[in-house]
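First up is the structure itself, then whatever we jot down about it.
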Amino acid sequence: MTLNLIADPWIAVRCRDGARRTIAPWQMAEPEIVAPDWHRPDFDIACLELLIGLVYLADPPADRADWKRRRAADSARLRESLAAFAPAFNLLGDGPRFLQDFEPIKGEDSPPDMLFIDSAGANTARNNADVIVHRGRYPALDLPEAAMALYTFQAFAPSGGAGNRTSMRGGGPLVTLVDPYERQGSLWDLIWANVPCGQPGRAEDLPWMRPTRVSDTGQQTLPPEGAPFAPEAFFGQPRRLRLVAEGGRVTGVIQRPYGTNYALWKHPLSPYYRMKPGTEWLPKHPRAGRFGYRNWLGIIAEQSKDELSELALCLRDWNGRQGGGSVIVAGWAMDNMKPRDFTLSVQPVLDLADDGWACLAGLIAAAEAAALALRGALEPVLAGGEAREAERETFFAETEARFLAHLDTIRAGGDPAADWLSDLRRQAMGQFEKLAFDGIETRETDQMQRVFDAWKFLGLAFAGYGKQGREIFEALTLPPPERKKGKAA
């Protein structure tokens, strides 16, 4: 038994009426289908990337006008254009295998559990250190789940020991996807909104259709010249893998080191940054914790005009195509080889005038400075750095509703700087006072004095004094406080 990922139904989806179905890729264009429905959020995000990649490979829009002409779903056209690629998408068999080493490779089988980023590695299991990660959950996989696990692993591959390459975006990359109708539309609406313009690819250019480009002596695989986004961006193959199947299920995975070492590639669904103009673009990665407005700059909001940050191509294209809707933000927050958290968040699409972007960036920068001021002030109250960091996260969560209200003001052409300063002060001072003053009478006298001093200097920061105070006022372009004669601010 085998599985062809073009011709056979294998993708788990949810329909508008709540029913679950299993479809072939061309059926993504059926109007009643609304979303992938695997049992894992990283599979769902990877599945969206796979479907976008298939359309880009087989039948992308030639330009913006063509994108607009073809917005309506056409399942018959999609089925026909994908059919030509079916021979390249067999999961098992004697010929080329989807996302697997070109030739059979020898080695010891590992359980298919290794295809899951949050599974325990051999050393972790051996040392009984699998607290956040897990072991032994997937001793065997049915073929559709194995295919989705394989794609997810190659697309998001983390560091994995000597010679085991990361994905072309590094381990656990940040993914941003336009959702044009905020989950009220069909799956096709979401897929088509994120497909880049280009020309159809060729099956022979897929990495598993040729001898594997190994990197045992540091060889790098660069993107083809003249193509801003080659289809391989969606079908990168950094790991050398071969699935082992028995009785219609995948029971093992053979892995060899030194797969393709991608360099200088860019993925159309991820934001990038660089250290200075003219240097290499690097993919952004999520950090552990809640994704909120503090994380917007360079991910869903233009950061600056200094050419150091770039939104994902899908977001840059979207405002020229239609605008509006929302952005799905997702990805594994990694600590080298260890997964810390999976981010999955929905944020607004932003379309502002030039001065609006600057105002938005100022509000976020002021909040960062205010949160740092609060964190520093809490030192005599909360001994642990992690506890103070948690309070900083609470500060951002509690100010988010007001921030979104001020975003409406910016869209309308207003400047909410003074009101935002009041919001930041109210939250920071209230948060500090609740933690510091409840039960303060039980503290030693010197501790009480330290708390009152911290409270005083926190208040001064919101009047524009001190390092954080200056940063807050500069970010909001508010006039600094007047210096008294003979006094230094």
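No lab work stands behind these numbers, since they all come straight from the coordinates. Note that the coordinates shown come from a computational prediction; the quantities given were computed from them, not determined experimentally. Ideal geometry is used to build each Cβ from the backbone, glycine not excepted, and the neighbour counts take in all protein chains shown.
So, counting K/R as plus one and D/E as minus one, what does the shell of residues with Cβ under 9 Å around Ile33 add up to?
Numbers: positive: Arg14, Arg16, Arg21; negative: Glu30, Glu32.
So the surrounding residues net to +1.
Taking the Kirkwood radius as the inverse of the mean 1/r across Cα pairs, report the Rg/Rh of segment 191-302. Display every interim value, and only then the final one.
On the way: Rg = 17.6 Å, Rh = 17.2 Å.
Expressed as Rg/Rh, it is 1.02.
Sort 49-61, 4-16 by the packing proxy (mean of other Cβ within 10 Å over each peptide's residues), most packed first.
On the way: 49-61: 23.1, 4-16: 19.4.
By packing density, highest mean first, the sequence is 49-61, 4-16.
Which Cα, out of Gly320, Val349, Pro416, lies furthest along the positive dipole direction of the chain (beta carbon charges, K/R +1, D/E -1)?
Comparing the listed Cα positions along the dipole, Pro416 ranks first.
Which ordering of His267, His39, His406 is given by a fewest-first count of other beta-carbon atoms within 10 Å? Intermediate results must be reported in sequence, preceding the final value.
On the way: His267 24, His39 8, His406 21.
Final ranking by Cβ density, sparse to dense: His39, His406, His267.
Would you please calculate the Kirkwood hydrodynamic radius of segment 269-329 over all C-alpha pairs and express it in Å, rounded to one decimal? Please report the intermediate quantities before stating the final value.
On the way: mean 1/r = 0.0803 Å⁻¹.
It is 12.5 Å.
What's the center-to-center distance, using Cα atoms, between segment 62-102 and segment 346-389 in Å?
44 Å
Roughly how many Å is it from the Cα centre of segment 142-187 to that of segment 427-489, as a whole number?
45 Å
Looking at the square roots a ≥ b ≥ c of the eigenvalues of the Cα gyration tensor of segment 352-489, which shape do they give, rounded for a/c under 1.5, prolate if a/b is larger than b/c, or oblate? Intermediate results must be reported in sequence, preceding the final value.
Working: a/c = 2.71, a/b = 1.56, b/c = 1.74.
Here segment 352-489 falls in the oblate category.
Mean residue ellipticity at 222 nm from the helices of the chain, using -39,500 (n - 2.57) per DSSP H segment of n ≥ 4 over the full residue count, to the nearest 500 deg cm²/dmol?
Details: 12 runs with 168 residues, N = 489.
About -11000 deg cm²/dmol.
Just the Kirkwood number for segment 269-421, please: inverse of mean 1/r across all distinct Cα pairs, in Å, one decimal.
Numbers: mean 1/r = 0.0590 Å⁻¹.
For segment 269-421, the Kirkwood estimate is 16.9 Å.
Per q in 0.07, 0.08, 0.10 1/Å, what log10 I(q)/I(0) does a Debye calculation on the alpha-carbon atoms of segment 11-283 return?
-0.25, -0.33, -0.52
Place +1 on the Cβ of every Lys and Arg and -1 on the Cβ of every Asp and Glu in segment 352-489, take the dipole about the Cα centre, and give the residue among Ala454, Gly362, Leu404 whose Cα lies farthest towards its positive end.
Projecting each Cα onto the dipole axis, the largest value belongs to Ala454.
Provide Arg242, Arg213 in ascending order of the number of other Cβ atoms located within 10 Å of each residue's Cβ, fewest first.
Exposure proxy ranking, most exposed first: Arg213, Arg242.
Against the longest alpha carbon principal axis of the chain, how many degrees, from 0 to 90 and to the nearest 10, is the axis of helix 143-156 turned?
Its long axis makes an angle of about 50 degrees.
Dipole of the chain, Cα-centred, from +1 at each Lys and Arg C-beta and -1 at each Asp and Glu C-beta, to the nearest 20 debye?
Numbers: 57 positive and 64 negative charges, 121 e Å.
That gives a dipole near 580 debye.
I need the phi-derived Karplus couplings for segment 62-69: 6.51 cos²θ - 1.76 cosθ + 1.60, θ = phi - 60°, integer Hz, Gly and Pro marked x.
Result, ordered by residue: 6, 7, 4, 5, 5, 4, 5, 5 Hz.
How would Phe89, Phe43 line up from fewest to most surrounding beta-carbon atoms within 10 angstrom? Provide the component values of the computation, followed by the final result.
Details: Phe89 23, Phe43 20.
Exposure proxy ranking, most exposed first: Phe43, Phe89.
Choose one of Leu206, Val253, Pro139: the residue whose Cα lies farthest towards the positive end of the charge dipole of segment 11-283 (beta-carbon charges +1 Lys, Arg; -1 Asp, Glu; about the Cα centre).
Of the listed residues, the answer is Leu206.
Using amide H atoms built 1.01 Å from N in the peptide plane, name the residues 5+ places from Met334, or on other chains, whose amide H lies under 5 Å from its own.
When sequence neighbours closer than 5 places are left aside, the close amide H contacts are Arg340.
For segment 227-278, with only Lys/Arg (+1) and Asp/Glu (-1) charged at the beta-carbon, what is the dipole magnitude about the Cα centre, in debye rounded to 20? It would help to have the intermediate numbers written out before the result.
Working: 8 positive and 2 negative charges, 40 e Å.
The calculation lands at about 200 debye.
Tell me, what HN-Hα J-couplings in whole Hz come from the Karplus equation 6.51 cos²θ - 1.76 cosθ + 1.60 at θ = phi - 60° for each residue of segment 441-447, using x for Gly and Pro?
3J(HN,Hα) across segment 441-447, in whole Hz: 5, 8, 7, 5, 4, 5, 5.
Using 1/(1 + (r/R0)^6) with R0 = 60 angstrom and r between the beta carbons of Lys68 and Phe452, what's the FRET efficiency to the nearest 0.05? Don't jump to the answer; show the numbers that get you there.
On the way: r = 63 Å, r/R0 = 1.05.
Calculated value: 0.45.
So what are the chain's ellipsoid semi-axes, whole angstrom, largest first, if each one is the square root of 5 times an eigenvalue of the alpha-carbon gyration tensor?
Working: eigenvalues 422, 149, 82 Å².
Gyration-tensor ellipsoid for the chain: 46, 27, 20 Å.
In terms of modelled amide H atoms, which long-range or inter-chain residues lie less than 5 Å from the amide H of Thr212?
Those lying under 5 Å, H to H, from Thr212 are Phe102, Glu103.
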